[in-house]
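**Student:** After the structure tokens below, expect a handful of questions from me.
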Amino acid sequence: MATAAPNKDRYFVPAPSAWPFMMTIGLAILVLGVSNYLESKSFGTIPMLAGLALVIYIVFRWFGGVISESERGEYGKQVDMTYRWSMGWFIFSEVMFFGAFFGALFYARTLSLPWLSGAGEKIETNLQIWPGFEAVWPSNGPAALGGDFQTIPAFDVPLINTLILLTSGVTITLSHHALKEDKRLPAILWMWATVALGVLFLYFQVEEYIHAYRDLNLTMGSGIYGSTFFMLTGFHGMHVTLGTIMLIVIALRLMKGHFKPDSHFGYEGVAWYWHFVDVVWLGLFVVVYWL
Amino acid sequence: MAHAHADHHDDHDHHGPDKGIMRWIKTTNHKDLGTLYLFFAFTMFFIGGMMSLVIRAELFQPGLQFVHPEFFNQMTTMHALVMIFGGVMPGFVGLANWMVPMQVGCSDLALPRINNWGFWLLPAAFTLLLSTLFLPGGAPAGGWTMYPPLVLQTGDAFPFLIFAVHLMGISSITGAINIVVTILNMRAPGMTLLKMPLFVWTWLITAYLLIAVMPVLAGAVTMLLTDKYFATSFFTASGGGDPVMFQHIFWFFGHPEVYIMILPAFGIVSTIIPTFARKRLFGYDSMVYATASIAFLSFIVWAHHMFTVGMPLAAELFFMFATMLIAVPTGVKVFNWVATMWRGSMTFETPMLFAIAFVFLFTIGGFSGLMLALTPVDFLYHDTYFVVAHFHYVLVPGAVFSIIAAVYYWIPKWTGRMYNESLGKLHFWLSAIFINVTFFPQHFAGLAGMQRRVPDYAVQFLDFNVWSSVGAFVFFFAQFIFIYNMLACCYGWGGRKRDLTDRVWEGATGLEWTVPSPAPYHTFEDQPQIGDDGEPVKVKATKTAKAH
């Protein structure tokens, strides 16, 4: 009976592990610290940093453990497929997370600003509360919160950033093809090129933020425009940062001789993530900077 | 439940559990984690129940007697958060942990360590949330829906609320991905999608809803956080934002969320009724399609929670008609359950009693939901006790009854011991009667104009509220019969023997009934095979071969 024999390839059941529990402890300390920090309590910073350190340490240990399990060949086809499905649905959940902020931008531009200026049945809102307000984009609302501000033109640094991310999508693909043909050196070099492009993108984003705060008076407090601008680009920037760290890990693993031409989901998962970050940027470029 | 490893007889088990508390902290076993989830859920039911008793004691008569109105508001807010995110959702996840791997015939969930993480995030989240009761300014009191600008007035508790929701969100998303991947990737050979048990199907669809909407909730509360601390104006009209925008984003999460709390219940009821009617489920395929339709529709009905906030007429009409459409697939389900019982050889063990009560009482909640879907009349019902009665009918004799039914149904498989049937029947009748005593009068109170979330009321609502409070207290204390009965199974109190057959219930079908009772610590390290007829053909042969 073919199905009767215990099949080691079939199921991978890990041994009991303290990592997840420690991860929870780290996160709990972290958010406790952040909460106290936000409420201006005296003991916010230390738990915040301690919690963050613990989370980073556990992430390092946990992923390290998974990598050694993978390199020892403990994962069969099924585990590979498990990771593929999981990464796919994780990225989908990230898409929905960004969806909330894109939705807020859409709602503000197509509904709340026109309504504040009296569109539709909302004429009384305009006449009674915000007389004379007209909806134009960009807007910091009828009370002009944060004062006059300028925006960042799309066809300037943001366009360069778009080209950088699109190019990084090409370089990571070149690296991937090299790995699949078992040409390790080009795979490593193209991966480091991708990392460099990610870092360059982040550099320009930081410069853009400094420019916005210092010269343009564009801040998080600049009404709905500043809110949506910094929320969307900020969370995207965090994801690029995370993605760049993941790319660095993959580059180092390539140099250590990890991954096989026909089996390298750790690599592919990061590539998927990088493409996801790329696609979100395209959406940002169009609806945040351009339109 | 120390029994699970005390006498497990699975000799493949090369990495057995740790001893003592470390077993539970480090476990990667779906049965251990299912047990933890269920113990956590019932603890939260207890805490949330205590909060509801504070509410009902205060509302026993008009005027203010026991608590400050501010504390009353904290109780209504926390009761909802604790019951939804701490009770019902972890309860269903616990059942999924136990049953999905056993029902699809694999050894564990796809990502066992992530599963551990998903569980332990919950005690952390609820420690944060419940600790706010002791902070200056008290717990959040602006309602569980966290509407700005009111919620932004929360005191020190505010960031705790936001981060607790974030941690719960991580827990739900990881749990949901785990369940989706287990179902799609680890089914026994031969178990095609349309041969899966209905509990598995409903959980698959529920998990998709979770993955789609929990991140949206995370985004919504993150915007609240930045509005309060980082000067953004998402929900501030003076900056060009809109408080109503929060309601849209919140209910885009919130409406699928209410189906997250009921679809697994549909799966449980669709499992229990065929067992005790000794017939196959009527209309299996239509059940699957109805579940999927409900899930799809749940994404386009959210604004029926907001009919009175001043939406354009077109939106009011669209959301009214879309909402009424949900009655069609739900009607298919109720018809199928009734048709399954039609001319069945029915017996009325406790799980069956709860399942039948579910069909009756959930349908009452569904009908009041249909009334609330009608925009013009919702202007009268909105924020009255009619709404409270409606969602408690779908959540308590709906979701909670189904969790209770599932525990009664599967506890013999989990512990190897049968619960006490007389106590079970006593528990059922007390629950079924007093849940109606609690919530049925609230329909009348609401239609007569009594507002929700107010600690005082006009004297003409007195009788309804007396009934309601008496019902709530009896219902609450009746649950201890259940807790005793189940713990007695876990620990073998009262000389309960482990003398059950594999199948336990005469009419039960499915892979979980082909393994011993109690189920071994690791089930199905040898894959079962599902035949063309949907029955597990080779499992028995394998097990017999082992026994010799």
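**Student:** Assess whether A:Ala154 counts as being at the interface with chain B (Cβ under 10 Å from one of its Cβ atoms) and under 28 Å from B:Phe230 (Cα atoms).
**Tutor:** Working: at the interface with chain B (Cβ under 10 Å from one of its Cβ atoms): no; under 28 Å from B:Phe230 (Cα atoms): yes.
Answer is no for this residue.
**Student:** Ok, one more. Keeping to the stretch B:215-232, report how many residues are in a helix (DSSP H, G or I) and within 7 Å of another protein chain (Cβ to nearest Cβ). If you could, list the steps in order and put the result at the bottom.
**Tutor:** We begin by selecting, within the stretch B:215-232, every residue in a helix (DSSP H, G or I); these are B:215-229.
Of the ones still in play, those that are also within 7 Å of another protein chain (Cβ to nearest Cβ) are B:215-216, B:218-220, B:223, B:226, B:229.
Total satisfying the criteria: 8.
**Student:** Hey, any hits in the stretch A:2-18 for a residue that's in a helix (DSSP H, G or I) and open to solvent by less than 30 Å² (accessible area, probe 1.4 Å)?
**Tutor:** As a first pass, look at the stretch A:2-18 and keep what is in a helix (DSSP H, G or I): none.
No, there is no match, as no residue in the stretch A:2-18 is in a helix (DSSP H, G or I) and open to solvent by less than 30 Å² (accessible area, probe 1.4 Å).
**Student:** Among the residues that make up the stretch A:116-136, is at least one of them acidic (Asp, Glu) and more than 25 Å from B:Val309 (Cα to Cα)?
**Tutor:** Of the stretch A:116-136, the ones acidic (Asp, Glu) are A:121, A:124, A:134.
Subset that is more than 25 Å from B:Val309 (Cα to Cα): none.
The answer is no; no qualifying residue exists.
**Student:** Here's something else I'd like to know. Out of the stretch A:126-151, which residues are facing another protein chain (nearest Cβ under 10 Å), of a type outside the set (Phe, Trp, Tyr) and over 17 Å from A:Ser227 (Cβ atoms)?
**Tutor:** Here is the first cut: in the stretch A:126-151, the ones facing another protein chain (nearest Cβ under 10 Å) are A:129-130, A:133, A:135, A:137-146.
With the extra rule that they be of a type outside the set (Phe, Trp, Tyr), the set shrinks to A:129, A:135, A:138-146.
Once the filter is applied, which keeps residues that are facing another protein chain (nearest Cβ under 10 Å), of a type outside the set (Phe, Trp, Tyr) and over 17 Å from A:Ser227 (Cβ atoms), the stretch A:126-151 yields only A:Ile129.
**Student:** Now a separate question. Hey, can you tell me all the residues within the stretch B:233-263 that are open to solvent by 20 Å² or more (accessible area, probe 1.4 Å), part of a loop (DSSP other than H, G, I, E, B) and either of a type in the set (Ser, Thr, Tyr) or more than 7 Å from every other protein chain (Cβ to nearest Cβ) (or both)?
**Tutor:** Of everything in the stretch B:233-263, just one residue is open to solvent by 20 Å² or more (accessible area, probe 1.4 Å), part of a loop (DSSP other than H, G, I, E, B) and either of a type in the set (Ser, Thr, Tyr) or more than 7 Å from every other protein chain (Cβ to nearest Cβ) (or both), namely B:Thr236.
**Student:** B:Val104 fails exactly one of the following numbered conditions: (1) within 20 Å of the chain's Cα centre (by Cα); (2) more than 20 Å from A:Leu32 (Cβ to Cβ); (3) within 14 Å of chain A (Cβ to nearest Cβ). What is the number of that condition?
**Tutor:** Among (1) within 20 Å of the chain's Cα centre (by Cα); (2) more than 20 Å from A:Leu32 (Cβ to Cβ); (3) within 14 Å of chain A (Cβ to nearest Cβ), B:Val104 violates only (1).
**Student:** Another question, then. For the stretch B:194-220, which positions are modelled with pLDDT under 95 and farther than 21 Å from B:Thr523 by Cα?
**Tutor:** Listed by number, the list holds a single entry, B:Leu194.
**Student:** So B:Met99 clears everything in (1) open to solvent by 10 Å² or more (accessible area, probe 1.4 Å); (2) in a helix (DSSP H, G or I) except one condition, right? Which one?
**Tutor:** (1)
**Student:** A further question on this structure: Name the one entry in A:Ile123, A:Ile46 that is surrounded by fewer than 18 Cβ atoms within 10 Å (Cβ to Cβ), away from chain B (no Cβ under 11 Å) and touching a helix residue (DSSP H, G or I) at 6+ places or on another chain (Cβ under 8 Å).
**Tutor:** On the way: A:Ile123 fails: touching a helix residue (DSSP H, G or I) at 6+ places or on another chain (Cβ under 8 Å).
The unique qualifying residue is A:Ile46.
**Student:** Among the residues in the stretch B:382-393, are any assigned to a helix (DSSP H, G or I) and among the small types (Gly, Ala, Ser)?
**Tutor:** So in the stretch B:382-393, the residues assigned to a helix (DSSP H, G or I) come out as B:385-393.
Cutting the leftovers down to among the small types (Gly, Ala, Ser) gives us B:389.
Checking the stretch B:382-393: at least one residue is assigned to a helix (DSSP H, G or I) and among the small types (Gly, Ala, Ser).
**Student:** Here's something else I'd like to know. Of the numbered conditions (1) open to solvent by 10 Å² or more (accessible area, probe 1.4 Å); (2) part of a helix (DSSP H, G or I), B:Ser345 satisfies every one except a single condition; which is it?
**Tutor:** Every listed condition holds for B:Ser345 apart from (2).
**Student:** Quick check on the stretch B:219-232: of everything there that is among the β-branched types (Val, Ile, Thr) and within 27 Å of A:Glu134 (Cα to Cα), which residue is surrounded by the most Cβ atoms within 10 Å (Cβ to Cβ)?
**Tutor:** Let us first name the residues in the stretch B:219-232 that are among the β-branched types (Val, Ile, Thr), namely B:221-222, B:226, B:232.
Now drop any that are not within 27 Å of A:Glu134 (Cα to Cα), which leaves B:226, B:232.
Working: B:Thr226: 17, B:Thr232: 30.
Only one residue fits best here, namely B:Thr232.
**Student:** On to the next question. Restricting to the stretch B:348-361, count the residues that are surrounded by 22 or more Cβ atoms within 10 Å (Cβ to Cβ) and among the β-branched types (Val, Ile, Thr).
**Tutor:** Matching residues across the stretch B:348-361 total 2.
**Student:** I need the full set of residues from the stretch A:150-180 which are over 22 Å from A:Phe201 (Cβ atoms) and crowded, with 21+ Cβ neighbours inside 10 Å, in order please.
**Tutor:** We begin by selecting, within the stretch A:150-180, every residue over 22 Å from A:Phe201 (Cβ atoms); these are A:150, A:177-180.
Answer for the stretch A:150-180, where residues must be over 22 Å from A:Phe201 (Cβ atoms) and crowded, with 21+ Cβ neighbours inside 10 Å: just A:Leu179.
**Student:** While we're here: Taking the residues in the stretch A:107-117 that are without any contact (Cβ under 8 Å) to a residue 40 or more places away in the chain and either hydroxyl-bearing (Ser, Thr, Tyr) or surrounded by fewer than 19 Cβ atoms within 10 Å (Cβ to Cβ) (or both) as candidates, determine which candidate is nearest to the other protein chains (Cβ to nearest Cβ).
**Tutor:** Just the residues of the stretch A:107-117 that are without any contact (Cβ under 8 Å) to a residue 40 or more places away in the chain, to begin with: A:107, A:109-111, A:114-117.
Narrowing further to those that are either hydroxyl-bearing (Ser, Thr, Tyr) or surrounded by fewer than 19 Cβ atoms within 10 Å (Cβ to Cβ) (or both): A:107, A:110, A:114, A:117.
Working: A:Tyr107: 5, A:Thr110: 11, A:Pro114: 11, A:Ser117: 10 Å.
By that ranking, first place goes to A:Tyr107.
**Student:** Considering only the stretch A:29-36, I want to know if a residue exists there that is more than 21 Å from B:Ile162 (Cβ to Cβ), open to solvent by 40 Å² or more (accessible area, probe 1.4 Å) and out of contact with any strand residue (DSSP E or B) (no Cβ under 8 Å at 6 or more places or on another chain).
**Tutor:** Let us first name the residues in the stretch A:29-36 that are more than 21 Å from B:Ile162 (Cβ to Cβ), namely none.
For the stretch A:29-36, residues more than 21 Å from B:Ile162 (Cβ to Cβ), open to solvent by 40 Å² or more (accessible area, probe 1.4 Å) and out of contact with any strand residue (DSSP E or B) (no Cβ under 8 Å at 6 or more places or on another chain): absent.
Here is a yes/no grid of residues against (1) under 17 Å from A:Met255 (Cα atoms); (2) in contact (Cβ under 8 Å) with a residue 12 or more places away in the chain; (3) not aromatic (Phe, Trp, Tyr):
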residue: A:Ala154; (1), (2), (3): no, yes, yes
residue: A:Asn161; (1), (2), (3): no, yes, yes
residue: A:Ile164; (1), (2), (3): no, yes, yes
residue: A:Ser168; (1), (2), (3): no, yes, yes
residue: A:Leu174; (1), (2), (3): yes, yes, yes
residue: A:His177; (1), (2), (3): yes, no, yes
residue: A:Lys183; (1), (2), (3): yes, no, yes
residue: A:Glu207; (1), (2), (3): no, yes, yes
residue: A:Ala212; (1), (2), (3): no, yes, yes
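**Student:** Given the criteria part of a helix (DSSP H, G or I), open to solvent by 10 Å² or more (accessible area, probe 1.4 Å) and over 29 Å from B:Phe235 (Cβ atoms), does B:Val93 qualify?
**Tutor:** In short, yes.
**Student:** While we're on this one: Suppose we keep only residues that are within 11 Å of chain A (Cβ to nearest Cβ) and part of a helix (DSSP H, G or I) within the stretch B:183-208. Which one would you say is nearest to the chain's Cα centre (by Cα)?
**Tutor:** Among those residues, the one meeting the criterion is B:Ala207.
**Student:** Report whether or not B:Thr340 is β-branched (Val, Ile, Thr), under 23 Å from the mean Cα position of the chain (by Cα) and closer than 21 Å to B:Tyr289 by Cβ. Let's see the steps before the verdict.
**Tutor:** Details: β-branched (Val, Ile, Thr): yes; under 23 Å from the mean Cα position of the chain (by Cα): no; closer than 21 Å to B:Tyr289 by Cβ: yes.
The answer is no for B:Thr340.
**Student:** Go through (1) surrounded by fewer than 19 Cβ atoms within 10 Å (Cβ to Cβ); (2) within 13 Å of chain B (Cβ to nearest Cβ); (3) of a type in the set (S, T, N, Q) one by one and return the number of the condition A:Ser222 breaks.
**Tutor:** (1)
**Student:** Same structure, new question: Select, from B:Phe475, B:Phe480, the only residue that is open to solvent by 60 Å² or more (accessible area, probe 1.4 Å) and under 21 Å from B:Ala405 (Cα atoms). Explain how you work it out, then say what you get.
**Tutor:** Details: B:Phe475 fails: open to solvent by 60 Å² or more (accessible area, probe 1.4 Å).
One residue alone meets the criteria, B:Phe480.
**Student:** Of all residues in the stretch A:72-98, which are of a type in the set (A, V, I, L, M, F, W, C) and open to solvent by 60 Å² or more (accessible area, probe 1.4 Å)? Before you say what the answer is, go through the steps one by one.
**Tutor:** Applying the first criterion (of a type in the set (A, V, I, L, M, F, W, C)) to the stretch A:72-98 yields A:79, A:81, A:85, A:87, A:89-92, A:95-98.
Of everything in the stretch A:72-98, those that are of a type in the set (A, V, I, L, M, F, W, C) and open to solvent by 60 Å² or more (accessible area, probe 1.4 Å) turn out to be A:Met81, A:Trp85, A:Phe90, A:Phe92, A:Val95.
**Student:** How many residues are outside any loop (DSSP other than H, G, I, E, B) and out of contact with any Gly (no Cβ under 8 Å at 6 or more places or on another chain) if we restrict to the stretch B:275-290? Reasoning before the result, please.
**Tutor:** Of all residues in the stretch B:275-290, those outside any loop (DSSP other than H, G, I, E, B) come to B:275-277, B:284-290.
Pick out the ones that are also out of contact with any Gly (no Cβ under 8 Å at 6 or more places or on another chain) and you get B:284-290.
Residues that pass the stated criteria total 7.
The values are calculated or read from the model by the stated rules, or taken from the named source; none is laboratory data. Nothing here was measured: the structure is a model prediction, and the numbers come from that model. Glycine gets a Cβ as well: all are built from the backbone with ideal geometry, and neighbour counts include every protein chain shown. Accessible surface areas use protein heavy atoms only, side chains included; no ligands, DNA or RNA. Shrake-Rupley method; radii C 1.70, N 1.55, O 1.52, S 1.80 Å.
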